[in-house]
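Derivation of every value follows stated rules applied to the coordinates shown; laboratory data play no part. Everything quoted here is computed from the prediction, not taken from an experiment. Neighbour counts are summed over all protein chains in view; Cβ atoms, including those assigned to glycine, are modelled from backbone coordinates with ideal geometry.
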């Protein structure tokens, strides 16, 4: 945790896990994200923070090639996505799927291994064991045969997390893993993220709660269509930068309103 | 696939349904001979086989259409096939394979046009689908009308594509349909995990490097092929029913995709064969509507009777819940009143107890008296010995649950799904229970 802002320049990890260059996405005429330049060093736990409509999810989707880019290049460990996708793990927004789909928790988690299996091959005993291991890590082992429609929101989120864990990726993208989960689940998820981070994985998390930013993440990108600031949390997470991201209306961590706010 | 030796209750039920429908299908033959005086002539056998094969295919692909919430896309696809049939007839004459190829091309063109509209305009899917559906269908009707006016005997029966006519199916048609069907099923089996992943979570599939566009296009193409094959039997207007009804019915009975698809295949085969045979009784009965009637009966039965999701089931469950809670809540009211006004066997006045819990108290009192937990005492209700024991046991159970939530982590107790109706003493291992009971107040101990 970055307790000492003055040390922020020290020991910056040398390898760049993710390098985004000039990335622009426009759904209609208006750009959702515009000219994003971003270098994420290996081994950081990075929050992506910004107001609604800032393009946080869009950024992740564009980086993962899920939506067409208007411009820009993205490199994972120096390789384009097509050659690097086994390095990439993804946790989509929980609301993006139909939880009434006829399948079980174990089956969803096994889906995380489909990419490695490649075309045509079916998951077998080894895949089952990997999935069980991941379920144990997120504390859902007792739920493996549970129909996914019977899960609570927090359990759904942990199922998605387990599915990402079995991917055994180097760099993880998580789209709002803390959305609408209770405090216990949030803590459990943070523990898992930090454990991943300790094992040297790079983790990028779209996040909303400014109160916990400094506590959870050692690296931070403030986004509002453009990148406002990106770097160690201790350097980036300042009143000045928050005002530049959210406008003058955001209450800062100190509980007060930034200077110049209308009240 | 993971080999599993033990079948869960749901699995067994699924297989029982599948077996039951197959049996019903087999019984249909002697039954129809008895009731309708049906003769299973060569023609009827061909029609039945054709119906079964097409129903099976529709069930399999329709399951995916239902899960992708693209049921109405099937409707647009089948309507869009009509002009293709007409154009193919004008170009190549009445040769089924050419008609179907024409239908497929027209349907596919409709699908591409639809995607183009969706990708380039802000029209919503339903509006875009509606437009494509009527435009293509109108063109088809216009062309068919034109064809009818040509003085040439061979156009006879072309309008069967609108409502479907099983009697027109001949052996070579069934051979064609079966051959294509085998290929379609093989592709589904081969791409099973890809289809499942793309249907459940396309974003995740994309992030895993699967070419979502390609897989979607392949799945759509298979649905188009299925729809086109079924046109002669069910007709462009009702084909969508044959496509989605088996999947809808199957979804009610099962919680796994594998079983849903197998069940839908069996339902579809049943509906297709039975519908086709009934319509073959008389050349005036169009096949499409008959198949839909049978499919709809299957859907109706399924949404009514299926355990868990069925209407009947949930009604019964609600009723049982009302009864159960009426009893336990009334017991608690009586016990609480008794403790607050003396001792455990102090009777609570009838007016009072009816006042606290207006709606359900009647049922609660009736049940408790029936089970001997309470008795009438003057103008009130008194807990019997067994009633007091039950109330104590309930109170203690709730108290243990409170303590479990409070101290479960610190005592290192095993994780339980918290359902306070369960007896926690039975759910915890003896050692864990002892730890938990040590936290009880002396007054709560038995």
(request) Over the alpha-carbon set of the range B:349-428, divide Rg by the Kirkwood Rh and report the Rg/Rh ratio to two decimals. (result) 1.12
(message) For a protection proxy built on the mean count of beta-carbon atoms within 10 angstrom, sort A:85-97, B:261-273 highest first, please.
(response) B:261-273, A:85-97
(message) Give the average over all directions of the projected area of the C-alpha convex hull of the protein assembly as shown, one decimal, in nm².
(response) 42.4
(request) Could you please state, rounded to a whole Å, how far the C-alpha centre of the range A:101-149 is from the C-alpha centre of the range A:32-97? (result) 25
(request) Compute the acute angle (0 to 90°) between the alpha-carbon long axis of helix B:171-190 and the principal axis of greatest extent of the alpha-carbon atoms of chain B; round to the nearest 10°. (result) 50
(request) Report the calculated FRET efficiency for residue B:384 and residue B:313 (r = Cβ-Cβ distance, R0 = 30 Å), to the nearest 0.05. (result) 0.30
(request) Take chain B, connect every pair of alpha-carbon atoms lying under 10 Å apart with a spring to form a Gaussian network, then pick out the residue of B:76, B:234, B:168 with the largest mean-square fluctuation. (result) B:168
(message) What translational diffusion coefficient, to the nearest whole µm²/s, does the range B:14-309 have by Stokes-Einstein, given a Kirkwood radius computed over alpha-carbon pairs, a temperature of 4 °C and 1.567 mPa s viscosity?
(response) 67
(request) Take peptide B:253-259, look around each residue's Cβ out to 10 angstrom, count Cβ atoms belonging to other protein chains, and average those counts. (result) 4
(message) Please report the equivalent ellipsoid semi-axes of the range B:132-283, computed as sqrt(5 x eigenvalue) of the Cα gyration tensor, largest first, in whole Å.
(response) 33, 20, 14
(request) Mind checking B:204-217 for the average number of partner chain beta-carbons within 10 Å of each residue's beta-carbon? (result) 6
(message) Please compute one quarter of the surface area of the Cα convex hull for chain A and express it in square nanometres.
(response) 15.3
(request) Working from the alpha-carbon coordinates of the range B:9-112, get Rg over Rh, Rh being the Kirkwood radius. (result) 1.10
(request) Relative to the longest principal axis of the C-alpha atoms of chain B, give the angle of the C-alpha long axis of helix B:9-35, reported between 0 and 90° and rounded to the nearest 10°. (result) 50
(request) Based on other C-beta atoms within 10 Å, arrange A:114, A:246, B:146 from fewest to most. (result) B:146, A:246, A:114
(request) Please grab the % of Cα pairs in the range B:313-383 that end up more than 20 Å from each other. (result) 25
(message) As a test, work out the antiparallel percent of DSSP beta bridges whose residues both lie in the protein assembly as shown, rounded to the nearest 5.
(response) 60
(message) Taking the beta-carbon count within 10 Å as an exposure proxy, list B:435, A:140 from fewest neighbours to most.
(response) B:435, A:140
(message) If I take every Cα pair under 8 Å that is 6 or more residues apart in chain A, average their sequence separation and divide by the length, what percent do I get for the relative contact order?
(response) 26
(request) Please find, in a Gaussian network model of chain B (springs between Cα atoms separated by less than 10 Å), the residue of B:427, B:106, B:138 whose mean-square fluctuation is greatest. (result) B:427
(request) Show that you can apply the helix-only estimate: for the protein assembly as shown, add -39,500 (n - 2.57) for every DSSP H stretch of four or more residues, divide by all residues, and state [θ] at 222 nm to the nearest 500. (result) -19000 deg cm²/dmol
(message) If you restrict to DSSP beta bridges whose two residues both lie in chain A, what percentage is antiparallel, to the nearest 5?
(response) 55
(request) Would you look at the GNM of chain A, springs on alpha carbons closer than 10 Å, and say which of A:241, A:187, A:52 moves the most? (result) A:52
(message) If you fit an axis through the alpha-carbon atoms of helix B:125-149 and take the longest principal axis of the Cα set of chain B, what angle between them do you get, 0 to 90°, nearest 10?
(response) 30
(message) Please report the antiparallel percentage of DSSP beta bridges with both residues in the range A:83-213, rounded to the nearest 5.
(response) 10
(request) Take every residue in peptide A:105-113, count the Cβ atoms of other chains within 10 Å of its Cβ, and give the average of those counts. (result) 3
(message) Within a 10 angstrom radius of the beta carbon, how do B:64, B:40 rank from fewest other beta carbons to most?
(response) B:40, B:64
(request) Run through all the Cα pairs of the range B:388-444 and give the fraction in each 5 Å bin from 0, expressed as whole percent. (result) 4, 20, 35, 26, 12, 3, 1
